[in-house]
Amino acid sequence: MANGTQIGRAGFRLLAELRRESSGAWLRENAEAFEARVRTPFANTLERAAAGVRAEGENLAGGRQTLFRIWRDRRFRPNAPPVHAHVEGVLARPGERVGARGAVSVRLDTDGGTLRAGSFLLDARGREALRAAIVASEPRVHDLLRALKRAGAPVTATSTLERGPRRFHAWLDTPLGFLLRMQDPMATARIPKRAFSDGSAADVIVGFARATADWRAFTAAALEGVPVRGAMRRQPATARPAGPPKPTRRRARAGSGRIPGGRSSARAR
């Protein structure tokens with residue numbers, strides 16, 4: 001393998017089987033092969049890309065420590081498959097919560113890779129701060145959008161608001177309206193499958209990080225001082241995610257008027 005970053009046919013075959021099976025049992029049975037042929041070269045790709053970005057003057061970290069877990073958290077989606085059908089990681093600022101501000105996300109699936117750049121994992125406060133910065137910097141934002149489009153990395157979002165955010169209704173019919181409706185506006189591009197096969201994916205990621213540097217800096221500056229969600233912790237391929245804590249029942253005190261584990265009962269008349 002060139003620098004330990006190539007993902008060959010066997011690796012993509014494992015990804016295809018993972019998507020088809022969507023099974024924790026399959027992943028545990030094939031954990032060693034999946035780790036060796038998919039996750040390890042993918043982590044090496046992130047590490048090599050981060051080194052390339054740092055060589056150009058931007059301090060981003062990437063590698064095994066910035067891989068997202070492959071086991072799905074099903075506490076709020078109990079019917080979802082137990083595992084993701086892709087591997088994903090980020091290039092993020094050292095010491096910051098993974099992927100929250102000005103980061104580059106890399107996702108690998110059976111068809112190749114998807115690159116995204118910006119600030120994500122945002123809650124309502126973060127989205128409002130970013131929208132406020134977009135409105136306050138309209139000429140600058142138009143320049144950024146044009147530059148991203150020329151670089152082949154237009155801004156997209158995984159979800160949008162049909163009616164738009166209430167505070168920004170006056171702006172929804174302007175050229176920036178589409179951006180204000182986006183939940184997590186991200187510059188997006190694809191990495192061809194062959195780039196992972198021949199080991200050149202890291203160079204593609206470095207080029208994408210370079211092309212999106214101004215957009216990522218803008219979104220990160222908009223979020224200064226705004227709390228963001230916690231880091232997505234790395235989890236080994238064979239580990240089983242911890243389930244939600246079991247509810248505990250407290251014994252009600254005599255005469256307290258409370259139902260154990262519930263709300264206050266009606267006062268006796």
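We did not get these values from a lab; they are worked out from the coordinates using the rules stated. Everything numeric here is computed off the predicted structure, so don't read it as measured data. Positions of Cβ are generated from backbone atoms using ideal geometry, with glycine treated the same way; all protein chains shown enter the neighbour counts.
What does the C-alpha gyration tensor say about the overall shape of segment 5-46? Classify as rounded when a/c is under 1.5, otherwise prolate if a/b is larger than b/c, or oblate. Judged from the Cα gyration tensor, segment 5-46 comes out prolate (a/c at least 1.5, a/b above b/c). Exposure proxy for Phe42, Phe218: other Cβ atoms within 10 Å of each Cβ, ordered fewest to most, give Phe218, Phe42. Derived scalar couplings between HN and Hα for segment 63-78 equal x, 4, 6, 10, 6, 7, 5, 8, 6, 8, 7, 9, 4, 10, 9, x Hz in order, rounded to whole Hz, by the Karplus curve 6.51 cos²θ - 1.76 cosθ + 1.60 (θ = phi - 60°), x for Gly and Pro.
Going by C-beta contacts inside 10 Å, put Arg77, Arg125 in order with the fewest on the left. List each step's numbers first, then the result.
On the way: Arg77 9, Arg125 12.
By the 10 Å Cβ count, ascending: Arg77, Arg125.
Loop only by DSSP, 15 or fewer other Cβ within 10 Å of the Cβ. Give me the GluC sites (Glu not before Pro) in segment 1-94 that pass, ordered by residue number. Provide the component values of the computation, followed by the final result.
On the way: sites: Glu17, Glu21, Glu29, Glu32, Glu35, Glu47, Glu56, Glu58, Glu88; in loops: Glu56, Glu58.
Here the GluC sites (Glu not before Pro) that fit, given the DSSP loop and packing criteria, are Glu56.
Under a 5 Å amide H cut-off, with hydrogens placed 1.01 Å from N, Leu60 pairs with Arg54 among residues at least 5 apart or on other chains. Here Lys193, Lys149 are placed in order of increasing Cβ neighbour count within 10 Å, fewest first, which gives Lys149, Lys193.
Between Ala221 and Asp73, full extension at 0.36 nm per residue minus the direct alpha carbon distance yields a gain of 50.3 nm.
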